[in-house]
Amino acid sequence: VMVKIPNSNQVIYCGKNNTLLRSIDKGNSWEEIANGLGNASFEIIFDPVNPSVFYGESKKSADGGYNLYRSTDSGASWVSLTNYDCNLDIDASGTLYCWGWFFLYQNWDSIHLPADIQTASVNPYEVGEILVASDQPAPYVYLTIDAGSSWQETSGIRDSLGHARFYFHNTQRYVCKL
């Protein structure tokens, strides 16, 4: 996975072969910085409000489990947050969301869901906008624009979306069915 830091034309992060790499010169040279992450395959996201804060999710840690990590120094060091298996998203305000099958948390507080969900995506350009997909009782996609206080069913998508992923680009919403 590769991440470019906003407002920087130079800094790029890349996860490769269980290692986190950083380039400060547009990818001309790389340094390993995954201190504290152990031997894990992982993805990273950054806080758009404070780009020196990163969150990492390991897909399989060295001990065989899953872990979530946080760095407050641009990836130089990491602290384990939890060993919970979930996906991470972050919105425009820097609010962290953790989701998995049947659950969604906002800064570790549970969010009321309209149905059992199989996938979710947080709009990184807006505060509190989330799309979730459910196959129970029927395939539906739900949208919230207030961080889960209220949900509305979206129209036009009525297909099994259990392994879909939603993407946002400014005001546009996209779905990729895997």
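The values are calculated or read from the model by the stated rules, or taken from the named source; none is laboratory data. Just so we're clear, the structure is a prediction, and the values are computed from it rather than from any experiment. Neighbour counts are summed over all protein chains in view; Cβ atoms, including those assigned to glycine, are modelled from backbone coordinates with ideal geometry. Side chains included, ligands, DNA and RNA excluded: accessible areas come from the protein's heavy atoms. Shrake-Rupley method; radii C 1.70, N 1.55, O 1.52, S 1.80 Å.
A compact table of results
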item: Number of the exception - TYR125 against (1) open to solvent by 50 Å² or more (accessible area, probe 1.4 Å); (2) at pLDDT 90 or above; result: (2)
item: Cβ-Cβ under 8 Å pairs, at least 6 apart or on other chains, segment 101-113 side free of Cβ contacts under 8 Å to residues at least 24 places away in the same chain, far side assigned to a strand (DSSP E or B) and open to solvent by 90 Å² or more (accessible area, probe 1.4 Å); result: PHE103/SER110
item: Cβ-Cβ under 6 Å pairs, at least 6 apart or on other chains, segment 72-90 side surrounded by fewer than 17 Cβ atoms within 10 Å (Cβ to Cβ) and among the β-branched types (Val, Ile, Thr), far side in a strand (DSSP E or B) and at pLDDT 80 or above; result: VAL79/ARG70; THR82/LEU68
item: Cross-chain or 6+ apart pairs with Cβ under 9 Å, segment 1-26 first and over 15 Å from PRO51 (Cα atoms) and assigned to a loop (DSSP other than H, G, I, E, B), then modelled with pLDDT of 65 or more and open to solvent by 70 Å² or more (accessible area, probe 1.4 Å); result: VAL1/LYS16; VAL1/GLU43; ASP25/GLN10; LYS26/ASN9; LYS26/GLN10
item: Hits in segment 100-114 - residues which are within 17 Å of ALA147 (Cβ to Cβ) and open to solvent by 10 Å² or more (accessible area, probe 1.4 Å); result: PHE103, TYR105, GLN106, ASN107, TRP108, ASP109, SER110, ILE111, HIS112, LEU113, PRO114
